[in-house]
Amino acid sequence: MIIQAFLCWVETAKAGDRASAASALGRAYAKAGTNGVDPQAVEMAMTFLLDDPSPKVRLSLVEALADCPTAPRAIIKALAQDQPEIAYIAISRSPVLNDDDLVYMSANGDAEMRALIASRATVSRALAAAIAEIGGEEEVLILLENPGAGLSPGSLRRIADRLGDCVVTRGLLLERDDLPIDVRQSLAEKVATALAASGLVRSAIGQERARRVAQESCDAAALALSSDASKEELQRLVARLRNAGRLTPALLLTALCSGRTELFSAAIVDLSGVPEKRVRAILSGGRFHSVRALLESAGLGRDVSGVFSEAVLFCQSEADPDRDGVSPSVAARLSDRLRDCSLDALHAVAELAERLAFAEQRQRARNYASRFSRQAA
């Protein structure tokens, strides 16, 4: 009878009074277990208020029900699709909405709806994956900035693939400690591509040099990322480099000369299809002809495979525990070996080896100067 009287009264009551009544109804429902109120009757009255012409009434209702774990799902879902200020409270606070509800809303709602969902205090991996797959830049930025969002490596990869060209998105991704190294490499390539395409950069250093600097920066990023990578991460990184056309002879030679033998081995496994155990055995102890055959199975041409094989043998001697420790580096030995070579096919290899050897020399000079400065101080 009380609810019937309420329904009669609400037809003529002012908006402010109806809002107060909606709030009272919501609180009464939330406490129905202790105050004797008939929850079914209250639910019927609240359902009626969903059609109230004043948003103030629906706002009062959602504020009263938002934290109630037993609130009627149908009412909460209706309020979650109301005006933004009403929907925000339902979506951001209600424990009644489950992942299925929220994924459905993400898929069928607009950008504003996805932004509200992305801002929830807790966003599960499944829900984050849905937003990462279809969300626009604004929704994804909210997701990345939300400390309660569970973003899987797969979701981070998808965001990088879809929105990695956005500077802000790229920055938030790179700040994450859980960003997979293949995604970091992908973003490094996007940065390099953007810089190489910049009119200011091209006018300052020339188009060809800008392209070469971009390539070298991508190679440097790959080498740096590979240093502390796990086996699985290395495999993903190599696959990423291969798919992007970055697994070049120049990168392979640089990896060899800079001591990144794990990256080199993973690349040969990927390119040759030879089992990992066999590849490691050949690279660590194989003789010239077996090394050369392996490298040619990975796609290196006959004209350069011999030089790469020699570089591998130089690496083997560096790893020898009986080595004197003062022999020239791999890059220096390779540079000396190619200094008087007249074959056009090896010109680029000889030039790269010389640059790598000189870079090592410069680094040694810097290290010496640094030690001298500390001693003088």
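The values are calculated or read from the model by the stated rules, or taken from the named source; none is laboratory data. Model, not experiment: these values are computed from the prediction. Note that each Cβ is placed from the backbone with ideal geometry, even for glycine, and that neighbours are counted across all protein chains shown. Quick note on the areas: whole protein, heavy atoms, side chains included, nothing else; ligands and nucleic acids left out. Shrake-Rupley method; radii C 1.70, N 1.55, O 1.52, S 1.80 Å.
With contacts taken as Cα pairs under 8 Å and at least 6 residues apart, the chain reaches a relative contact order of 7 percent.
Expected output is a single nm value to one decimal: the length gained when fully extending between A13 and A74, i.e. 0.36 nm times separation in residues minus the C-alpha distance. What is it?
Working: separation 61, 0.36 × 61 = 21.96 nm, distance 2.54 nm.
Result: 19.4 nm gained on full extension.
Contact order, relative form, for segment 209-277: 32 percent (alpha carbon pairs under 8 Å, 6 or more residues apart, mean separation divided by residue count). Toward the positive end of the charge dipole of the chain, about the Cα centre and with charges on Cβ (Lys, Arg +1; Asp, Glu -1), which of S297, L338, L195 goes farthest? Positive-end residue among those listed: L338.
Where Rh is the Kirkwood radius over the Cα pairs of the chain, the temperature 4 °C and the viscosity 1.567 mPa s, what D in µm²/s does Stokes-Einstein return? Before the final figure, lay out each step's value.
Numbers: Rh = 25.9 Å.
It diffuses with D of about 50 µm²/s by this estimate.
Taking the chain as a Gaussian network of alpha-carbon nodes connected by springs under 10 Å, the highest mean-square fluctuation of the residues R260, R184, R212 belongs to R212. On the basis of the beta-carbon distance and an R0 of 41 Å, H289 and A365 show a calculated FRET efficiency of 0.60.
Mind giving me the FRET efficiency for Q4 and Q83? R0 is 35 Å, r the Cβ-Cβ distance, nearest 0.05 is fine. FRET efficiency, Q4 to Q83: 0.75. Each Lys and Arg Cβ is given +1 and each Asp and Glu Cβ -1; about its Cα centre, the chain then shows a dipole of about 1100 debye.
Please give me the summed charge of the neighbours of A78: other residues whose Cβ is under 14 Å from its Cβ, Lys and Arg +1, Asp and Glu -1.
Surrounding charge for A78 is -2.
Calculate what fraction, in whole %, of the accessible area of the chain sits on carbon and sulfur atoms when a 1.4 Å probe is rolled over the protein chains. Before the final figure, lay out the partial values.
Values: 10610 of 20010 Å².
After summing per-atom areas, the C and S share lands at 53 percent.
If a paramagnetic tag sat 7 Å from the Cα of S92 along the Cα-Cβ line, which residues of segment 116-145 would have the backbone N under 13 Å from that point? Residues 116-122 qualify, since their backbone N sits under 13 Å from the label point. In whole angstrom, segment 44-168 maps to an equivalent ellipsoid with semi-axes of 29, 14, 11, each derived as √(5λ) from the alpha carbon gyration tensor and ordered largest first. Diffusion coefficient (Stokes-Einstein, Kirkwood radius over C-alpha pairs, 4 °C, 1.567 mPa s) for segment 91-239: 77 µm²/s, rounded to a whole number. Hull volume per residue, based on the alpha-carbon atoms of segment 161-234 and their convex hull, is 93 Å³.
Once the piece of chain linking K277 and S54 is laid out straight, how much longer is it, given 0.36 nm per residue of separation minus the C-alpha distance between them? Please report the intermediate quantities before stating the final value.
Details: separation 223, 0.36 × 223 = 80.28 nm, distance 7.19 nm.
Net length gain for the segment: 73.1 nm.
With a Förster radius of 30 Å applied to the C-beta separation of A250 and S198, the computed FRET efficiency comes to 0.85. Farthest towards the positive end of the charge dipole of segment 204-268, among the residues L237, S227, A204, is the Cα of A204, using unit charges on the Cβ of Lys, Arg, Asp and Glu.
Between the residues G136, P72, P84, the greatest Cα displacement towards the positive end of the dipole of segment 66-138, with unit charges on the Cβ of Lys, Arg, Asp and Glu, is found for P72.
Here's the list of lysines a cross-link from K56 could span, going by alpha-carbon distance under 19 Å and ignoring same-chain residues fewer than 8 apart: K14, K77. Rounded to the nearest 10 degrees, the angle from helix 55-65 to the longest Cα principal axis of the chain is 70 degrees.
Which value, in nm² and rounded to one decimal, describes the direction-averaged projected area of the C-alpha convex hull of segment 192-275? Intermediate values should be presented prior to the final figure.
Details: hull surface 23.1 nm².
Reported value for the Cα convex hull: 5.8 nm².
From helices alone, the chain scores -23000 deg cm²/dmol at 222 nm; the rule is -39500 (n - 2.57) for each run of n ≥ 4 DSSP H residues, then divide by the residue total.
Spatial offset of segment 180-197 relative to segment 68-109 amounts to 38 Å, using the alpha carbon center of each.
Relative to the longest principal axis of the Cα atoms of the chain, helix 39-49 runs at roughly 80 degrees. Taking every protein chain into account, the accessible area of segment 174-284 amounts to 51 square angstrom per residue (probe 1.4 Å).
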